[in-house]
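Okay, so here's the structure we're looking at.
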Amino acid sequence: MFTGIITDVGHIAQLDQRGDLRARINTIYDTNAVDIGASIACNGVCLTVITKGVENGQNWFDVEISAESISKTNIASGRRAWVIGRRVNLERALKLGDELGGHIVSGHVDGVAEITDIQAVGDSSVVTFRAPHELSAFIAQKGSVTLDGTSLTVNDVSGDTFTVNLIPHTKECTTWGDIALNDKINLEIDTLARYVARLADVRGS
């Protein structure tokens with residue numbers, strides 16, 4: 001489990017297609033304190049550390065990405081697809097006793113949302129997204145949503161579109177400072193909304 005509070009912006013150092021896609025990500029995390037098999041959310045995708053190390057003073061870890069993960073995310077398509085040098089939002093898994101500053105995030109991306117508008121409001125940015133139709137019902141005004149691993153509050157919802165507000169701190173400390181129109185963004189709906197909808201389905205049937 002994660003909280004959607006980004007704690008590092010890593011960089012893709014290597015990519016290798018070996019059946020599944022294997023990626024090496026440079027990080028400021030102390031990899032001596034990261035266990036093999038640990039989970040790290042990378043742009044909101046929960047991935048397993050399979051090896052790690054330090055090279056020329058740079059900490060890194062490797063992950064393997066399945067075809068299922070690629071099919072649900074922006075890893076292999078669009079302007080934000082993973083290439084060498086791509087910046088990625090990182091968050092280590094939640095530990096008991098950690099502050100829950102965002103909301104409960106599983107790291108299981110449901111689909112991709114598309115940026116359809118970006119407006120400056122003071123120093124902040126109001127960003128409009130179009131969600132896949134099958135996911136839009138799970139997005140509620142003033143509810144939580146995870147976008148590229150970042151816990152954000154939904155401002156407004158209209159049909160399949162919704163808006164969020166990005167404050168300067170968020171833009172400076174994550175990859176949100178370099179977004180553009182038509183970017184595809186990893187979307188995870190709120191876990192609570194998912195279970196409420198499932199319970200309603202069961203009771204209705």
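Quick one: in region 165-203, of everything that is more than 13 Å from the chain's Cα centre (by Cα) and of a type in the set (S, T, N, Q), which residue is most open to solvent (accessible area, probe 1.4 Å)? Filtering region 165-203 for residues that are more than 13 Å from the chain's Cα centre (by Cα) and of a type in the set (S, T, N, Q), the one most open to solvent (accessible area, probe 1.4 Å) comes out as Asn182. Among the residues of region 81-97, the ones that are farther than 18 Å from Asp35 by Cα and either aromatic (Phe, Trp, Tyr) or modelled with pLDDT of 95 or more (or both) come to 9 in all.
Filtered by the rule that a residue be open to solvent by less than 10 Å² (accessible area, probe 1.4 Å) and out of contact with any Lys or Arg (no Cβ under 6 Å at 6 or more places or on another chain), region 8-26 gives Gly10, Ala23, Ile25. Selection of first residues in region 183-205 that are over 30 Å from Ala81 (Cβ atoms) and of second residues that are surrounded by 10 or more Cβ atoms within 10 Å (Cβ to Cβ), restricted to Cβ pairs under 7 Å at least 6 apart or on distinct chains, gives the following pairs, ordered by first then second residue: Ala197/Phe138.
Among strands (runs of 3 or more DSSP E) entirely within region 30-94, having at least 2 residues that are of a type outside the set (Val, Ile, Thr), in contact with a Lys or Arg (Cβ under 7 Å, 6 or more places away or on another chain) and surrounded by 13 or more Cβ atoms within 10 Å (Cβ to Cβ) singles out 58-65. The lone criterion from (1) assigned to a strand (DSSP E or B); (2) of a type in the set (Gly, Ala, Ser); (3) at pLDDT below 95 left unmet by Gly107 is number (1).
Scanning region 122-136 for residues that are under 15 Å from Lys184 (Cα atoms) and assigned to a loop (DSSP other than H, G, I, E, B) yields Ala131, Pro132. Screening the candidates Gly57, Gly101, Gly37 for the property of being out of contact with any Phe, Trp or Tyr (no Cβ under 8 Å at 6 or more places or on another chain), over 22 Å from Lys184 (Cα atoms) and free of Cβ contacts under 8 Å to residues at least 12 places away in the same chain yields one hit, Gly57. Filtering region 115-131 to residues that are closer than 14 Å to Val157 by Cβ and open to solvent by less than 70 Å² (accessible area, probe 1.4 Å) leaves Thr116, Val126, Val127, Thr128, Phe129, Ala131.
The values are calculated or read from the model by the stated rules, or taken from the named source; none is laboratory data. If you're wondering where the values come from, they're calculated on a predicted model, not measured in any experiment. Cβ sites come from the backbone with ideal geometry, for glycine too, and all protein chains shown count toward neighbours. With ligands, DNA and RNA removed, areas are computed over all heavy atoms of the protein, side chains included. Shrake-Rupley method; radii C 1.70, N 1.55, O 1.52, S 1.80 Å.
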